[in-house]
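Asker: Next up is a structure, given as structure tokens.
The values are calculated or read from the model by the stated rules, or taken from the named source; none is laboratory data. Remember, it's a predicted structure, so these values are computed and weren't measured experimentally. Positions of Cβ are generated from backbone atoms using ideal geometry, with glycine treated the same way; all protein chains shown enter the neighbour counts.
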Amino acid sequence: MILSYLDIIDRANNGPYISEDNWDLEKVAMTTMKIVEKYDLAWNPEEIVTDDPGLADTIFDAGLELAQTLGAYSRSTERIIEFEPGELELGMRLMPQTLVMGEGKDARTLYARRIMDERLPLVWAGNPGAPHPEELFVPAVLSWAQEPIVDMITCGTLVEVDGREVRTEDPIEIISTRRELQYLRQILRQVGRPGMGMLAAQSSVSELGDLATAHPDYLRPCDAHLVPMLNELKMDNRNVARAVNSLEYGMRNASLPCVIVGGLGGDAPGSAVVNVASFIISNLTCLSDYHLCHPIHMLHVATTTRSVLWVENIVQQAFARNAPCIIVSDIYPKSGACTRELLYETAANAIVITVSGGHLEGCGSADGNAPNGTGLEARLMGEVGHAVARQGVSLQEANALVLTLLEKYEHVFEMPNGNPGARIDQAYELQTMRPVPQWEQMYKEVKTELREMGLVTLT
Amino acid sequence: MANEQTYLEEVKLAIIDGDDKASAVATRDALQADVDPLAILNDGLMAGADVVGQRFERGIFFLPQLMLTGRALKAAMAIIEPRLQERYAEDGGNKADTGVVVMATVKTDIHDIGKNIVASMLTASGFQVHDLGVDVPIKRIIATAQEVNANLIGCSALLTTSMPFMRDLVDLLVAMGERQRFKVMVGGASVTPEFAEKIGADGTAQNAVKAVQLAQRLIRAQREQIGVSVR
Ligand code: B12
């Protein structure tokens, strides 16, 4: 029998005390450093997609050892939530291998993907959490919900409702999160796919919004919500409340550890170890049905830097080989709409994710920090992922493609103000909901380039 | 003096290594050898912290090194602080551009990576930082600033929905008649100079290096203001 959630709450209340500073430095940073040394872990910035099963297995072992050594930390009680090795292993054995999202004819089944899996990855479109003024929210979501290649949708957050500023933990959070869900359901009906699955309640920053939308008119049990873990290997009662809330209701729990590459885990190998440990722990602390793989770069945020791409690659391979489960990986490019770099970043990230065993989610364009994401890059994300799977791109071929693409966009990390591009209302004609001509032109050109690079089945 | 150089080098190395025991020992040794405390601060501790900061910005060092260096600095500062005070008094109160800062991620927001980096870099630059953590009510931020007699309040918010609490903080300071007492800097990925100005804060910075420069500028401005009002 898997642990009852009450046991986890008990442990958070009664576990050994440790200050947060000491958890961060003495426990997470030091233990990871030792483990990285012990297993002699290293990475090569020229080998973003690795073809080294031994390395993937070692990263997995190292991550499991970290999870067993540390457990998790409750920031609310300042105590360690300890686990027996057997409990962590049972948690892994019980990880769902398939998961139906959505309902009726629009339902899709997520599944545990393999390395170089020829089955198509599912396409989960949207810029999770990106702030939107109310008038741009519907056009933005519509821009990707209308794309036939999309299997599920997600969305940004509402910054204001009815002209009023949204504040967290204020009654208005309830209103904004419900408003978000009303819009989403309306959009699904509008595009004729009312049963499509969603990852939503993004406007729920505290637990308030989440609690307020666990109702079939808003988030259905066939939808997913986030149960974030805090950096690194931490929970707090707010996020525990989210997990608990869906216990009987049965919503899909997506664990979200945003491991910081360059953070407490140190360089890429240590961060990959922390990411593996986070997934293992989140089976129990977040009651996850599937895992969101979303490492971020310490200084650049984006998932498209070399080190972060490498982490996504190795973490997915590690699980695909040692503990298959459903991993959905986020694409958070540095660049925003109407920039060519956004398309290169999206393509590179989609290649890495698809070939190493994940499903696709994105794009959180412009660091997910502006309403500068559109359906067009989500379409490209899906098309590239499908081509990679269909064509049976090998790990080595994938690496060569990614290195070529990196050359085309890596300069964005040197740009002092990033490369945020344009807002959805500048990138799309809102009357027709079509990309403006220059944005569509860029997309066509980049696709031609991708075909020439070898993605010949790109439709 | 070759000997003085060796002492300073030891201090600097201990800071770069992030070794708190070694930095305390090296600082004590240097003081005992009569090395000028200001030289220890600038050419030993700060010089070491500078190297670490640069390596971090270039992606050679990572967060743990930054945190360890913060610890090593704290240990050394505890030893050197009283001697520095004496030294400043001799110089006629001509303090360096550092001061006391209260840092926090505001109410309802738990994003702390950026705030921690800013706090570490401020510590590394000689500021005395009181880091209150995340999800901190504004009343507590103000109360702490009063209690520790801070020069500066630094607020971080990554959510557009928690940024309004920074405005509340400035408004509350005004209402309490305490606005002149503290400089307020705000930051986080969505915080723009326009936002900072609109809410009446004293400034914002895009990254930790710029945050330190901003803090130093604000401290200088504060000293000038006080100087003016005293005259
Ligand atoms: C990592 C991350 C998380 C982690 C946080 C872990 C942690 N311990 O901090 C986790 C997974 C827990 C998380 C949770 C959530 N997140 Co979040 N998160 C991020 C992410 C990807 C990176 C932030 C980061 O650490 N950047 C790296 C650091 C180094 O940069 P920085 O913080 O900007 O700091 C630098 C400068 O800003 C400056 N600075 C910072 N503070 C200060 C202070 C002063 C005084 C000065 C001068 C300068 C300064 O210097 C720093 C160093 O260079 C951002 C995306 C983004 N674009 O920022 C989203 C983001 C901030 N999150 C977002 C959201 C929506 C959430 C959630 C609500 C998700 C959800 N629905 O549950 C929750 C919120 C929980 C809460 N109550 O706060 C949105 C916010 C949208 C909005 N409405 O504004 C963002 C923009 C992205 C997104 N699309 O999801 N998140």
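Asker: For the condition among the basic types (Lys, Arg) and within 14 Å of chain B (Cβ to nearest Cβ), what is the one hit in A:185, A:179?
Answerer: One residue alone meets the criteria, A:179.
Asker: Scan A:350, A:268 and give me the residue that is at pLDDT 95 or above, out of contact with any Asp or Glu (no Cβ under 6 Å at 6 or more places or on another chain) and away from chain B (no Cβ under 14 Å).
Answerer: Going through A:350, A:268 in turn, just one is at pLDDT 95 or above, out of contact with any Asp or Glu (no Cβ under 6 Å at 6 or more places or on another chain) and away from chain B (no Cβ under 14 Å): A:350.
Asker: Right, here's the next one. Can you pull out the residues in region A:69-85 that are modelled with pLDDT of 95 or more, part of a helix (DSSP H, G or I) and surrounded by fewer than 16 Cβ atoms within 10 Å (Cβ to Cβ)?
Answerer: Scanning region A:69-85 gives a single hit, A:69.
Asker: So which of A:454, A:368, A:358 is away from every other protein chain (no Cβ under 14 Å) and crowded, with 24+ Cβ neighbours inside 10 Å?
Answerer: Selected residue: A:358, the only one of A:454, A:368, A:358 that is away from every other protein chain (no Cβ under 14 Å) and crowded, with 24+ Cβ neighbours inside 10 Å.
Asker: It is to be established whether one or more residues within region B:83-100 are among the hydrophobic types (A, V, I, L, M, F, W, C) and over 13 Å from the mean Cα position of the chain (by Cα).
Answerer: yes
Asker: How about region A:8-25: which of its residues are under 28 Å from the mean Cα position of the chain (by Cα) and farther than 30 Å from residue B:71 by Cβ?
Answerer: Hits for region A:8-25 are A:8, A:9.
Asker: Name the residue, out of A:247, A:184, that is of a type in the set (A, V, I, L, M), modelled with pLDDT under 95 and away from the ligand (no atom under 12 Å from the Cβ).
Answerer: Just one listed residue meets the conditions, A:247.
Asker: Here are some conditions: (1) loosely packed, with under 13 Cβ neighbours inside 10 Å; (2) closer than 19 Å to residue A:274 by Cβ. Residue A:54 meets all but one. Which one does it not meet?
Answerer: Unmet condition: (2).
Asker: Run residue A:288 past the list (1) within 25 Å of residue B:108 (Cβ to Cβ); (2) among the hydroxyl-bearing types (Ser, Thr, Tyr); (3) within 14 Å of chain B (Cβ to nearest Cβ) and report the number of the one that doesn't hold.
Answerer: (3)
Asker: Which one is farthest from the ligand (Cβ to nearest atom), of the residues in region A:168-181 that are over 22 Å from the mean Cα position of the chain (by Cα) and part of a helix (DSSP H, G or I)?
Answerer: A:171
Asker: Quick check: is even one residue across region B:106-120 touching a His at 6+ places or on another chain (Cβ under 8 Å), among the polar types (S, T, N, Q) and within 14 Å of chain A (Cβ to nearest Cβ)?
Answerer: no
Asker: In region B:107-133, how many residues are hydrophobic (A, V, I, L, M, F, W, C), within 9 Å of the ligand (Cβ to nearest atom) and surrounded by fewer than 22 Cβ atoms within 10 Å (Cβ to Cβ)?
Answerer: Residues meeting the conditions: 2.
For (1) within 10 Å of the ligand (Cβ to nearest atom); (2) surrounded by fewer than 24 Cβ atoms within 10 Å (Cβ to Cβ); (3) modelled with pLDDT of 85 or more; (4) outside any loop (DSSP other than H, G, I, E, B), each residue gets a yes or a no:
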| residue | (1), (2), (3), (4) |
| --- | --- |
| B:75 | no, yes, yes, yes |
| B:86 | no, yes, no, yes |
| B:94 | no, yes, no, no |
| B:102 | no, no, yes, yes |
| B:140 | no, yes, yes, yes |
| B:153 | yes, no, yes, yes |
| B:166 | yes, no, yes, yes |
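Asker: Moving on. Inside region A:145-162, can you point out the residues that are assigned to a loop (DSSP other than H, G, I, E, B) and within 14 Å of chain B (Cβ to nearest Cβ)?
Answerer: A:156, A:159
Asker: Something else now. Kindly indicate whether any position in region A:307-318 is within 13 Å of chain B (Cβ to nearest Cβ) and assigned to a strand (DSSP E or B).
Answerer: Looking for residues that are within 13 Å of chain B (Cβ to nearest Cβ) and assigned to a strand (DSSP E or B), one finds none in region A:307-318, hence no.
Asker: Now, a different point. Kindly indicate which of B:157, B:211, B:189 is within 19 Å of residue B:98 (Cα to Cα), small (Gly, Ala, Ser) and within 15 Å of the ligand (Cβ to nearest atom).
Answerer: One residue alone meets the criteria, B:211.
One line per residue, one yes/no per condition, for (1) within 14 Å of chain B (Cβ to nearest Cβ); (2) within 16 Å of the ligand (Cβ to nearest atom); (3) assigned to a helix (DSSP H, G or I); (4) not aliphatic (A, V, I, L, M):
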{"residue": "A:34", "(1), (2), (3), (4)": "yes, no, yes, yes"}
{"residue": "A:59", "(1), (2), (3), (4)": "no, no, yes, no"}
{"residue": "A:67", "(1), (2), (3), (4)": "no, no, yes, no"}
{"residue": "A:119", "(1), (2), (3), (4)": "no, no, no, yes"}
{"residue": "A:143", "(1), (2), (3), (4)": "no, no, yes, yes"}
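Asker: Which condition number in (1) within 17 Å of the chain's Cα centre (by Cα); (2) in contact (Cβ under 8 Å) with a residue 60 or more places away in the chain; (3) within 16 Å of the ligand (Cβ to nearest atom); (4) closer than 18 Å to residue A:458 by Cα is the one that residue A:369 fails?
Answerer: Answer for residue A:369: the failing condition is (4).
Asker: I'd like the full set of residues that are part of a loop (DSSP other than H, G, I, E, B), within 12 Å of the ligand (Cβ to nearest atom) and out of contact with any Lys or Arg (no Cβ under 8 Å at 6 or more places or on another chain), limited to region A:283-304.
Answerer: A:286, A:294, A:295, A:298, A:299, A:303 - these are the residues of region A:283-304 that are part of a loop (DSSP other than H, G, I, E, B), within 12 Å of the ligand (Cβ to nearest atom) and out of contact with any Lys or Arg (no Cβ under 8 Å at 6 or more places or on another chain).
Asker: Further, regarding this structure: Only one of these is crowded, with 24+ Cβ neighbours inside 10 Å and away from chain B (no Cβ under 14 Å): A:275, A:231. Name it.
Answerer: So the residue among A:275, A:231 that is crowded, with 24+ Cβ neighbours inside 10 Å and away from chain B (no Cβ under 14 Å) is A:275.
Asker: Give just the number: which of (1) within 16 Å of the ligand (Cβ to nearest atom); (2) away from every other protein chain (no Cβ under 14 Å) does residue B:25 not satisfy?
Answerer: (1) is the only condition that residue B:25 fails.
Asker: To continue, here is another question. How many residues does region A:259-272 contain that are buried (at least 24 other Cβ atoms within 10 Å of the Cβ) and either within 14 Å of the ligand (Cβ to nearest atom) or part of a strand (DSSP E or B) (or both)?
Answerer: Total satisfying the criteria: 7.
Asker: Then there's this: Could you check region A:422-459 and list, in sequence order, the residues that are under 20 Å from residue A:134 (Cα atoms) and in a loop (DSSP other than H, G, I, E, B)?
Answerer: Of everything in region A:422-459, those that are under 20 Å from residue A:134 (Cα atoms) and in a loop (DSSP other than H, G, I, E, B) turn out to be A:423, A:430, A:431, A:432, A:433.
Asker: Can you go through B:41, B:13, B:31, B:63 and tell me which one is within 14 Å of another protein chain (Cβ to nearest Cβ) and hydrophobic (A, V, I, L, M, F, W, C)?
Answerer: Residue meeting the stated conditions: B:63.
Asker: If you go through region B:176-224 one residue at a time, how many are of a type outside the set (A, V, I, L, M), within 20 Å of the chain's Cα centre (by Cα) and assigned to a helix (DSSP H, G or I)?
Answerer: Adding up the residues that qualify gives 8.
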